[in-house]
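What follows is a set of notes on a single structure, which appears directly below.
Nothing in this text is a laboratory measurement; each read-out follows from the coordinates by a stated rule. None of these values were measured; they are calculated from a predicted model. Note: ideal-geometry Cβ built from the backbone for every residue, glycine included; neighbour counts use all protein chains shown.
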Ligand SMILES: Nc1ncnc2c1ncn2[C@@H]1O[C@H](COP(=O)(O)OP(=O)(O)OP(=O)(O)O)[C@@H](O)[C@H]1O
Ligand SMILES: [Mg+2]
């Protein structure tokens, strides 16, 4: 099973550079510093060679060098010193870009997830998103800091050395060097990248798939133990880890072979330059001193192209990572948030001929009609899987409807500002997620500036206040420390307290009492009934007892909703 990249390498690279945005000027600075730094480093050896040529000139073995000893030594030392400063600046700008970029990319991915959520995320594997947020982004950091600038530096330095050798020494020697740069910097990377591409993509895929499976297994460890399925899981983890190891080996093998070949080619070109120099001198076509300077310059000039030829191993992974990140960033959300739409204060809800299906031609809800007014408690009943939760999600516009209208105060939901909609309507879903923070903070996500009195009042209404104060640190108890120790009913009541605290006019309750005993259910229902004059509630439940407080009840059957 091969995974194909959706985009070509060049397109990925171009899109990634566009993502760089305003950081690109720092990148240019890094490239200039890097190129100048390399050229000054070469300056040290080139002026050394100039010294040798001068000495040979004095001995009458070659043409005399006009530059004085003072200048030669001064320039060699000067190049060394300046090189240090430039290297510092280059590293500084590269790392500045790298870390800034990590932050920018994480931010972009989170923003993309926020827009895709919750509709599209229901189908995405969480493990692969975690892999993206961690390893893929780090790979891209390497791309920006250690890929783009080496390529630019290699081009600039190679051109500079070519011209220098041509003018100072011989154009024949310069030509040998140019061939070397092209073979090492372009031909070798292109060949090895097409060879390494597949193994790089396969490696990344296995890595993401292994991570995803492993995380999933850890999350579901309780169910694994209950079903006595440890050995099967263990075997599967081993099997996948063996596959990952195989892919890793294959990729590393390829990289090692490519780098050995490159080193060999560099040595061959250095030898070629030396031979060409000797031939030119013996044919009296080049002065010995100029030959020494030219050949020494070429010897030291392969560094930048070598850096480029070492890229493909990383580059294929980078492309795979870049492709995945770009897929996410460019994924069309199932629901586009409405900005600058209409606002309202909930008085009335009219659903008319609402049709919706997760997949084409498989409607979950067909021409559903229902009405609710401020101050009413509406009950919705129906068999498991008939579409009750789906209906509530549509009322919050978590998915876009296929047809019909959902009108709040007469305005269709698609015209209402998304933020305003969530201010007016809130939902307690079937499962409540508690963050690894204190219970107080967990409640506060519904209303960050809530006073302690407001929080306690909401918890009393949800019949969970007494439980929270019985905990060792009361409202300050870490929900994470409690982990799975909180019962489903306790979590559910905290979810309910969040909804009360949020203070939205319309509260959608998806099985609010399914995990609660009858005493607590009675208390919650009493609070709900008390709220009736102030709040409107749409209540989904299987339980007859819960439905007792509803003013009107709708039943969903085969996608159709009828009032009973
Ligand atoms: N994200 C989704 N993608 C595709 N199908 C989905 C998705 N979510 C739910 N479904 C399907 O839509 C149908 C209705 O699901 P829904 O959760 O609305 O049922 P429900 O009435 O709330 O059931 P329950 O009483 O068990 O909570 C089910 O067949 C379910 O499998
Ligand atoms: Mg449901």
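Annotations for the structure displayed:
- Kirkwood-Stokes translational diffusion coefficient of the chain, alpha-carbon pairs, 10 °C, 1.306 mPa s, µm²/s: 54 µm²/s
- Debye intensity ratio I(q)/I(0), log10, segment 461-564, q values 0.14, 0.20 Å⁻¹ (C-alpha model): -0.60, -1.07
- Helix-only CD estimate at 222 nm, as mean residue ellipticity for the chain, using -39500 (n - 2.57) per DSSP H run (n ≥ 4): -20000 deg cm²/dmol
- Equivalent ellipsoid, segment 212-330 (semi-axes from 5 times Cα gyration tensor eigenvalues, Å): 56, 16, 8
- Contact order relative to length of segment 348-563, as percent, for alpha carbon pairs under 8 angstrom and 6 or more apart: 32 percent
- Fully extending the segment from residue 274 to residue 433, taken as 0.36 nm per residue of separation minus the present Cα-Cα distance, adds 50.2 nm.
- Cβ-Cβ FRET estimate between residue 361 and residue 67, R0 fixed at 60 Å, reported to 0.05: 0.10
- Highest-first packing order for the peptide set 399-405, 70-76, 359-365 is 399-405, 70-76, 359-365, based on the mean count of other beta carbon atoms within 10 Å.
- Placing one equal scatterer on every Cα of segment 348-563 and applying the Debye formula, the log10 ratio I(q)/I(0) at q = 0.07 Å⁻¹ is -0.21.
- Over the C-alpha atoms of segment 6-150, the Rg to Rh ratio, Rh being the Kirkwood estimate, stands at 1.28.
- Once you reduce segment 50-93 and segment 290-346 to the center of their Cα atoms, the two points are 37 Å from each other.
- Estimated distance in nm for a label pair at residue 187 and residue 348, the labels positioned 7 Å out from Cα along Cα-to-Cβ: 8.0 nm
- Pair residue 560, residue 218: separation of 7 Å Cα→Cβ label points (nm): 5.1 nm
- Diffusion of segment 145-198 by Stokes-Einstein, at 10 °C in a medium of 1.306 mPa s and with Rh set to the Kirkwood radius over alpha-carbon pairs, works out to 130 µm²/s.
- The slack between residue 108 and residue 329, meaning 0.36 nm per residue of separation minus the straight C-alpha distance, is 78.8 nm.
- Here the extension length gained between residue 99 and residue 530 equals 149.8 nm, from 0.36 nm per residue of separation less the Cα-Cα distance.
- Packing order of peptides 458-464, 529-535, highest average first: 458-464, 529-535 (average count of other Cβ atoms within 10 Å over each peptide's residues).
- FRET efficiency for residue 81 and residue 6, using Cβ-Cβ distance with R0 set to 56 Å, rounded to 0.05: 0.70
- Percentage relative contact order, segment 9-330, counting C-alpha pairs under 8 Å, at least six apart: 31 percent
- Taken over the Cα atoms of segment 419-477, the convex hull encloses 107 Å³ per residue.
- In the chain, Cα pairs under 8 Å separated by at least six residues give a relative contact order of 15 percent.
- Pairwise label distance in nanometres, residue 384 with residue 92, each label 7 Å out on the Cα-Cβ vector: 6.4 nm
- Backbone N under 16 Å from the residue 517 label point (7 Å along Cα→Cβ), restricted to segment 423-466: 463-466
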